Amino acid sequence: MRSQTITVAAAAIVAVGLLLAGCAGSTAPAPAPTEPAFGHVHGIIDLGDGTVLLGTHTGLYTLTAAGVLAGPVGGNDFDAMGLTAHGDTLYASGHPGPATPTELGEHNLGIVRSIDAGATWEPVAFTGQEDFHVLTATAEAIYGIGSSSITVRTSPDGGTTWVDGANLPAVDLAATLDGALYAATQDGVQESRDAGATFAPVPDAPLLYLLESDPAGGLVGVDTDGALWRLNGAGWERSGTASGTVQALGTTADGAIVLVDDRGVVWMRGTEATVVLPSGARS
């Protein structure tokens, strides 16, 4: 992979541009939407029992492995960017929709929180100030990169106080069970062992533009060629292939990878892919 650094880095920039196009008001074509009402899927959270939560341009939707779609959850219509979770607590950012309560923030939501699977939300930090395309959360901290800078921000207390860490132009963050914080950048995957204060390149890592923590330990990611990768104790290993640009990536407690690509919403177990909600399908 390192011998292709120049070519792949250029592809990474294109891929990241496509991912952000759905939220930036750009006229550049975004990846094919999974469902017309969605616009764009930003995040995927495992709810258990074969159900995931999709954070989309028009709110949150539940989707089962059998293809049953419901939503928007709680009637919330905000652009749910940066969707992440730790335990039963959801965090998100983005922009309000027409029916979004003003207390969640005008223009930008900052960071908002839900403890009832997305039915209701409360403001946490940076309300009305900026949006966070990149968020991840653990038992120890919330990590994010806001729209106003490339600084990795860390909150050790659920969003009450924040500490500025490294300046890093990362397009995704993922915190793993062993306490590491990983960042996807156009120069490669980087790792922090000090809560985002400093980062160092991960040796031999493929060039990934989406990252997700693996509930079994380690990391899952997708590279600019569409290959899926897992990082475990034995190192990096291939774990299937996506079709086109991946909008969102998630993992489930039973070992599946769930992603949104040109095919739609896809459940992957090993190299076996099942398209649960085809691109363009209506609810």
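A short reminder: the numbers here are calculations on the coordinates, not readings from a lab. What you see is a predicted model, and the numbers here were worked out from it, not measured in a lab. Positions of Cβ are backbone-derived with ideal geometry, glycine not excepted, and every protein chain shown enters the neighbour counts.
The table that follows gives values for the structure above.
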item	result
Of all residues making up region 247-273, the number that are free of Cβ contacts under 8 Å to residues at least 60 places away in the same chain, in contact with a strand residue (DSSP E or B) (Cβ under 6 Å, 6 or more places away or on another chain) and either under 19 Å from Gly39 (Cβ atoms) or assigned to a strand (DSSP E or B) (or both)	5
Some residue of region 127-148 being over 21 Å from Ala175 (Cβ atoms), out of contact with any helix residue (DSSP H, G or I) (no Cβ under 6 Å at 6 or more places or on another chain) and touching a residue at least 60 places away in the same chain (Cβ under 8 Å)	no
Residue in region 225-248 that is surrounded by 17 or more Cβ atoms within 10 Å (Cβ to Cβ), of a type in the set (Asp, Glu) and farther than 18 Å from Ile45 by Cα present	no
Hits in region 63-105 - residues which are in a strand (DSSP E or B) and either among the acidic types (Asp, Glu) or touching a Leu at 6+ places or on another chain (Cβ under 6 Å) (or both)	Leu63, Leu69, Asp79, Ala80, Gly82, Thr84, Tyr91, Ala92, Ser93, Gly94
Every residue from region 79-107 that is closer than 20 Å to Leu135 by Cα, over 16 Å from the mean Cα position of the chain (by Cα) and of a type in the set (A, V, I, L, M, F, W, C)	Leu104
Selected residue (criterion: farthest from Thr160 (Cα to Cα)) from residues of region 88-112 that are buried (at least 24 other Cβ atoms within 10 Å of the Cβ) and touching a helix residue (DSSP H, G or I) at 6+ places or on another chain (Cβ under 9 Å)	Gly94
Residues of region 196-213 satisfying the condition of being crowded, with 19+ Cβ neighbours inside 10 Å, farther than 17 Å from Ala242 by Cα and in contact with a Ser or Thr (Cβ under 9 Å, 6 or more places away or on another chain)	Gly196, Phe199, Ser213
Sole exception among (1) in a strand (DSSP E or B); (2) in contact (Cβ under 8 Å) with a residue 40 or more places away in the chain; (3) not charged (D, E, K, R) for Trp236, by number	(2)
